Amino acid sequence: GAGVSQTPSNKVTEKGKYVELRCDPISGHTALYWYRQSLGQGPEFLIYFQGTGAADDSGLPNDRFFAVRPEGSVSTLKIQRTERGDSAVYLCASSARGVTGELFFGEGSRLTVL
Amino acid sequence: SQQGEEDPQALSIQEGENATMNCSYKTSINNLQWYRQNSGRGLVHLILIRSNEREKHSGRLRVTLDTSKKSSSLLITASRAADTASYFCWGGGGKLIFGQGTELSVKP
């Protein structure tokens, strides 16, 4: 695709529900990042994939959060037992050259947990 | 904790003036990048400077990097109202963390 695509763009769910957020990176980009951003804050690092494997998952806040990238392209961020504090914009970015190149961001998925 | 810390947190200037914002980081980096964000959605890459470079220009943007001080600055010359946005720095090769950003407001 022309850019990084994230779906859904908006998701409203109830506390305790399970949520999946999808990121479709730029074709051929081997590196993929997930960040989340709360209002008025900078993006908070969650996880970085190089190919299919998580090169750095130190930002995942707890075991309710999990991300996969089974074929080295599309990635899914999974959040179990959502809490109101999970409400944020979840940003995905991809890069052709990992941490040595520029990141291309999607428009984000806004998650609201009621 | 943040890898990148931008200052000032907020900057308000008149159109035509220059805007300077600074970034400090904590760990070694391969490169430092500046991003711009409008309305809390996706970030847009502005400029990348490598660790062996000291200064780089791109249009109205000028970025400097001082690896001994672990700091960088972004200068936007002849600012326009359309430059109003939040600006973030990001260190590639270090901890993959953004700072809180500088919120720039350019008044027409």
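The values are calculated or read from the model by the stated rules, or taken from the named source; none is laboratory data. These numbers come from a predicted model, not from an experiment. Glycine also receives a Cβ, built like all others from the backbone with ideal geometry; neighbour counts cover every protein chain displayed. For the accessible areas, the whole protein counts, side chains as well, though only heavy atoms, and no ligand, DNA or RNA atoms are used. Shrake-Rupley method; radii C 1.70, N 1.55, O 1.52, S 1.80 Å.
Given the Cα-Cα distance of B:R54 and B:A81 and 0.36 nm per residue of separation, how much length would full extension add, in nm? Write down the numbers at each step before the final one.
Details: separation 27, 0.36 × 27 = 9.72 nm, distance 2.86 nm.
Taking 0.36 nm per residue and subtracting the Cα distance, the gain is 6.9 nm.
Cross-link candidates for A:K11: which lysines have Cα within less than 16 Å, leaving aside residues fewer than 8 places away along the same chain?
A:K78
Using DSSP to define loop residues, name the trypsin sites (Lys or Arg not before Pro) in region A:16-114 whose beta-carbon has at most 15 other beta-carbon atoms within 10 Å.
Hits after loop and neighbour filter: A:K17, A:R64, A:R81, A:R97.
Which order do B:V44, B:V106 take when ranked by solvent-accessible area (1.4 Å probe, heavy atoms of all protein chains), largest first?
Result of the area sort, largest leading: B:V44, B:V106.
For region B:4-107, what is the number of Lys pairs with C-alpha distance below 14 angstrom, counting only pairs 8 or more positions apart or on separate chains?
Lysine pair count for region B:4-107: 4.
Using a 1.4 angstrom probe with every protein chain in place, what is the largest-first accessible-area order of A:S87, A:S94? Walk me through the numbers on the way to the answer.
Values: A:S87 40, A:S94 0 Å².
Heavy-atom accessible area, descending, gives A:S87, A:S94.
Take A:E107, A:E102 and sort them by solvent-accessible surface of the protein heavy atoms, 1.4 Å probe, largest at the top. Numbers along the way, then the final one.
Values: A:E107 115, A:E102 65 Å².
The most accessible residue leads, giving A:E107, A:E102.
Using the alpha-carbon centroid of each, what span in Å lies between region B:41-108 and region A:85-110?
Each part's Cα centre sits 17 Å from the other's.
Any chance you could look up the accessible area of A:V19 with a 1.4 Å probe, heavy atoms only, rounded to 10 Å²?
The accessible area comes out at roughly 0 Å².
Quick one: Karplus J couplings for region B:70-76, per residue in order, coefficients 6.51, -1.76, 1.60, θ = phi - 60°, nearest Hz, x for Gly and Pro?
My calculation for region B:70-76 gives 6, 9, 9, 10, 10, 10, 10 Hz in order.
Quickly work out the A:F66-to-B:N22 label distance, labels modelled 7 Å from Cα along the C-beta direction, and quote it in nm with one decimal.
4.6
Once you sort the root eigenvalues of the Cα gyration tensor of region B:4-107 as a ≥ b ≥ c, which label holds: rounded (a/c under 1.5), prolate (a/b larger than b/c) or oblate (the other case)?
It comes out prolate by the Cα gyration axes.
Do you know the relative contact order of chain B, to the nearest whole percent, from alpha carbon pairs under 8 angstrom that are 6+ apart?
It rounds to 40 percent for chain B.
By what distance, in whole Å, do the Cα atoms of region B:34-73 stretch along each of the three principal axes, largest value first?
Cα spread of region B:34-73 along its principal axes, largest to smallest: 34, 22, 13 Å.
Can you quote the Å³ per residue value for the convex hull of the Cα atoms in the protein assembly as shown, rounded to an integer?
118
Looking at chain B, which longest stretch skips every one of the trypsin sites (Lys or Arg not before Pro) that is in a DSSP loop with at most 15 other Cβ atoms within 10 Å, leaving the sites themselves out?
B:81-108
Return one quarter of the surface area of the convex hull spanned by the alpha-carbon atoms of region A:5-99, equal to its mean projected area, in nm².
5.8
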